[in-house]
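Step one of this worksheet: look at the structure below.
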């Protein structure tokens, strides 16, 4: 049985007959909204595929408006989703929010990786738990043991959003009496992976897709995670904080000025061809914090160079130089942390991936993993999990659009690897066709999803809605990245948002913290 809640629809029809119907859906009177919302509880969705487990009005708080919040669960799996609907001034549109990591919880629009317009423009939102609930323990979450369940594995790797979208729309129509007129997706990291998956496997689902730091090449990513984490777990191979700073300063000395300005931000990382052997200790042994040993140089090379399986089926480019000692650079995912028992975030994620997705044995030792010895398993999982197909012709054919975005000091999802994906789309479809469906932007000095030395804030959802609804591509909208002081809320730095392969280049004069002093350059 489909969800059947008629009062909202009936009220909307009645009110529109009294005038004002052209201004969008008319919400039920405030006195009736709570009842219409809570009456959704227990209702069936999708012809019996799922059921509403909770429905309530949540009061406005901070910059969030009052919402009717509806939670539902699929009957054939552990997949849950939540729909949040503003009780006033709904913009008649849906924003689907992608999760992160190994999922397990429902994302919220206040998270730093999402565009502010999700809230300020009053979107109805939908988000899922990725097909499973995360365990209470953080370290247990990294084990990814949900992957042993084939249904949860399928939901997580490729289908949770696609399955939930029509049911989320069903809830929205039940509450407002009207379906959304436009549907958008925004996600970062694993949510960015899901954005890529939607663009390639389910191009009919969304009118516009924002993929921030998208882990589309997820199989190559975990290979590189495993490769780096194996090296840094040997103490002699890793760089202590002093050596991280030594390396960072040497990289800046060579590459900071490539964008025309020495400001602590490498604006042109693709041109930063740093050779760590210039920091080699005499004889190659570790003789202190003023140099790098041969083992430590090998670690730097491991981070920045490509990896591939012997058959070439799975590969990764490595990472850019820059941010080697920054908490939102290499330190965020690559360097070992005492809190994780000497492991890194890359190591925790790759250990869970290797054990639960590939070896399918909780006792397997990921330190001994060689991808070439597991190619059948890699192919099987990759068929579900990889989202790096360069053919976006189906997305283009229906007039939908996608934005890709990546910080250049991201130590989780490599901007160098996403550059390679973008170039593969151009090679497949041609530049003119690519421009109709995809634009890619990099944010110099920005880490994973947000933060770092560079300005990181830009409302890509608003840019996407403008592209879809008015036909103006993001690269023609004059977008800027802004750095905002967390305490005062003041904007302290701006840079132009440049379409790849362009980067922000200082003009030589003017305020170094103003986007007006920079131009997007490819030279």
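The values are calculated or read from the model by the stated rules, or taken from the named source; none is laboratory data. Every value quoted in this text rests on a predicted model; they were computed, and no experiment measured them. Neighbour counts are summed over all protein chains in view; Cβ atoms, including those assigned to glycine, are modelled from backbone coordinates with ideal geometry.
Pick from the range 244-275 the residues that are touching a strand residue (DSSP E or B) at 6+ places or on another chain (Cβ under 6 Å) and on the phi < 0 side of the Ramachandran plot: which of them is surrounded by the fewest Cβ atoms within 10 Å (Cβ to Cβ)?
The qualifying residue surrounded by the fewest Cβ atoms within 10 Å (Cβ to Cβ) is 261.
Any residue in the range 377-400 that is assigned by TED's automatic domain parsing to the domain that holds residue 116, closer than 25 Å to residue 505 by Cβ and not in a helix (DSSP H, G or I)?
The answer is no, given that none of the residues of the range 377-400 is assigned by TED's automatic domain parsing to the domain that holds residue 116, closer than 25 Å to residue 505 by Cβ and not in a helix (DSSP H, G or I).
Would you call residue 454 assigned by TED's automatic domain parsing to the domain that holds residue 97, part of a loop (DSSP other than H, G, I, E, B) and either closer than 27 Å to residue 324 by Cα or in contact with a helix residue (DSSP H, G or I) (Cβ under 9 Å, 6 or more places away or on another chain) (or both)?
Working: assigned by TED's automatic domain parsing to the domain that holds residue 97: yes; part of a loop (DSSP other than H, G, I, E, B): yes; either closer than 27 Å to residue 324 by Cα or in contact with a helix residue (DSSP H, G or I) (Cβ under 9 Å, 6 or more places away or on another chain) (or both): yes.
Against the criterion (assigned by TED's automatic domain parsing to the domain that holds residue 97, part of a loop (DSSP other than H, G, I, E, B) and either closer than 27 Å to residue 324 by Cα or in contact with a helix residue (DSSP H, G or I) (Cβ under 9 Å, 6 or more places away or on another chain) (or both)), residue 454 qualifies.
Mind checking which residues of the range 96-119 are assigned to a loop (DSSP other than H, G, I, E, B), in contact with a strand residue (DSSP E or B) (Cβ under 7 Å, 6 or more places away or on another chain) and under 19 Å from residue 58 (Cα atoms)?
Residues satisfying the conditions are 106, 107, 109, 110.
Surrounded by fewer than 17 Cβ atoms within 10 Å (Cβ to Cβ) and more than 28 Å from residue 494 (Cα to Cα): is that true of residue 299 in this structure? Outline the logic, then answer.
Details: surrounded by fewer than 17 Cβ atoms within 10 Å (Cβ to Cβ): no; more than 28 Å from residue 494 (Cα to Cα): yes.
Against the criterion (surrounded by fewer than 17 Cβ atoms within 10 Å (Cβ to Cβ) and more than 28 Å from residue 494 (Cα to Cα)), residue 299 does not qualify.
Identify all residues within the range 457-477 that are farther than 19 Å from residue 185 by Cβ, surrounded by fewer than 20 Cβ atoms within 10 Å (Cβ to Cβ), touching a residue at least 12 places away in the same chain (Cβ under 8 Å) and in contact with a helix residue (DSSP H, G or I) (Cβ under 9 Å, 6 or more places away or on another chain); write none if there are none.
477
Quick one: residue 313 ticks every box in (1) assigned to a helix (DSSP H, G or I); (2) closer than 30 Å to residue 385 by Cα; (3) in contact (Cβ under 8 Å) with a residue 60 or more places away in the chain; (4) out of contact with any helix residue (DSSP H, G or I) (no Cβ under 6 Å at 6 or more places or on another chain) except a single one, so which number is it?
(1)
Criterion first (out of contact with any strand residue (DSSP E or B) (no Cβ under 9 Å at 6 or more places or on another chain) and at pLDDT below 95) does residue 48 satisfy it? Quick ask: steps written out before the conclusion?
On the way: out of contact with any strand residue (DSSP E or B) (no Cβ under 9 Å at 6 or more places or on another chain): yes; at pLDDT below 95: no.
So residue 48 fails the test.
Looking at the structure I just gave you, is residue 184 assigned by TED's automatic domain parsing to the domain that holds residue 113, under 21 Å from residue 50 (Cβ atoms) and surrounded by 23 or more Cβ atoms within 10 Å (Cβ to Cβ)? Before the answer, list the steps.
Values: assigned by TED's automatic domain parsing to the domain that holds residue 113: yes; under 21 Å from residue 50 (Cβ atoms): no; surrounded by 23 or more Cβ atoms within 10 Å (Cβ to Cβ): yes.
For residue 184, the condition - assigned by TED's automatic domain parsing to the domain that holds residue 113, under 21 Å from residue 50 (Cβ atoms) and surrounded by 23 or more Cβ atoms within 10 Å (Cβ to Cβ) - is not met.
In the list 191, 131, which residue meets the criterion of being touching a residue at least 40 places away in the same chain (Cβ under 8 Å), closer than 23 Å to residue 74 by Cα and either part of a loop (DSSP other than H, G, I, E, B) or in the same structural domain as residue 357 (by TED's automatic domain parsing) (or both)? Don't jump to the end; show me each part of the working.
Numbers: 191 fails: either part of a loop (DSSP other than H, G, I, E, B) or in the same structural domain as residue 357 (by TED's automatic domain parsing) (or both).
Only one candidate passes the filter, namely 131.
Between 392, 380, which is crowded, with 19+ Cβ neighbours inside 10 Å and within 21 Å of residue 201 (Cα to Cα)? Please lay out each step first, then the result.
Working: 380 fails: crowded, with 19+ Cβ neighbours inside 10 Å.
Of 392, 380, the one residue that is crowded, with 19+ Cβ neighbours inside 10 Å and within 21 Å of residue 201 (Cα to Cα) is 392.
Show the residue pairs that are 6+ apart or on different chains and have beta-carbon atoms under 6 Å apart, the first residue being within the range 503-522 and outside the structural domain of residue 264 (by TED's automatic domain parsing) and without any contact (Cβ under 8 Å) to a residue 12 or more places away in the chain, the second being in a loop (DSSP other than H, G, I, E, B) and surrounded by fewer than 19 Cβ atoms within 10 Å (Cβ to Cβ).
Listed pairs, sorted by first residue: 517/507; 517/510; 517/511.
In the range 406-432, what residues are touching a helix residue (DSSP H, G or I) at 6+ places or on another chain (Cβ under 6 Å) and touching a residue at least 24 places away in the same chain (Cβ under 8 Å)? Quick ask: steps written out before the conclusion?
Step one: of the range 406-432, the residues touching a helix residue (DSSP H, G or I) at 6+ places or on another chain (Cβ under 6 Å) are 406, 408, 411-412, 425-426.
The answer is 406, 408, 411, 412, 425.
Could you tell me how many of the residues in the range 197-232 are on the phi > 0 side of the Ramachandran plot and in a helix (DSSP H, G or I)?
Looking only at the range 197-232, we keep the residues that are on the phi > 0 side of the Ramachandran plot, and these are 213.
Checking the rest, the ones that are also in a helix (DSSP H, G or I) come to none.
Qualifying residue count for the region: 0.
Condition first: in contact with a helix residue (DSSP H, G or I) (Cβ under 7 Å, 6 or more places away or on another chain) and not in a strand (DSSP E or B). Now tell me which residues in the range 478-496 satisfy that. Please lay out each step first, then the result.
First pass over the range 478-496, keeping only residues in contact with a helix residue (DSSP H, G or I) (Cβ under 7 Å, 6 or more places away or on another chain): 479-480, 494-496.
Scanning the range 478-496 gives a single hit, 479.
Could you please find all residues in the range 332-373 being surrounded by fewer than 14 Cβ atoms within 10 Å (Cβ to Cβ) and assigned to a helix (DSSP H, G or I)?
338, 339, 367, 368, 372, 373
Report yes if some residue within the range 491-501 is on the phi > 0 side of the Ramachandran plot and surrounded by fewer than 20 Cβ atoms within 10 Å (Cβ to Cβ); otherwise report no. Spell out how you get there, then give the answer.
At the first step, the residues of the range 491-501 found to be on the phi > 0 side of the Ramachandran plot are none.
No: zero hits.
Select from the range 105-117 the residues that are out of contact with any helix residue (DSSP H, G or I) (no Cβ under 6 Å at 6 or more places or on another chain) and closer than 17 Å to residue 183 by Cβ and write down the one among them that is surrounded by the fewest Cβ atoms within 10 Å (Cβ to Cβ). Steps first, answer last, please.
First, pick out the residues of the range 105-117 that are out of contact with any helix residue (DSSP H, G or I) (no Cβ under 6 Å at 6 or more places or on another chain): 105-108, 110-114, 116.
Add one more test, that the residue is closer than 17 Å to residue 183 by Cβ, and what stays is 107, 114.
Numbers: 107: 25, 114: 27.
Checking each candidate, the answer is 107.
State whether one or more residues within the range 434-451 are without any contact (Cβ under 8 Å) to a residue 12 or more places away in the chain, outside the structural domain of residue 225 (by TED's automatic domain parsing) and in a strand (DSSP E or B). Walk me through how you get there before you give the answer.
Going through the range 434-451, the residues without any contact (Cβ under 8 Å) to a residue 12 or more places away in the chain turn out to be none.
Checking the range 434-451: not a single residue is without any contact (Cβ under 8 Å) to a residue 12 or more places away in the chain, outside the structural domain of residue 225 (by TED's automatic domain parsing) and in a strand (DSSP E or B).
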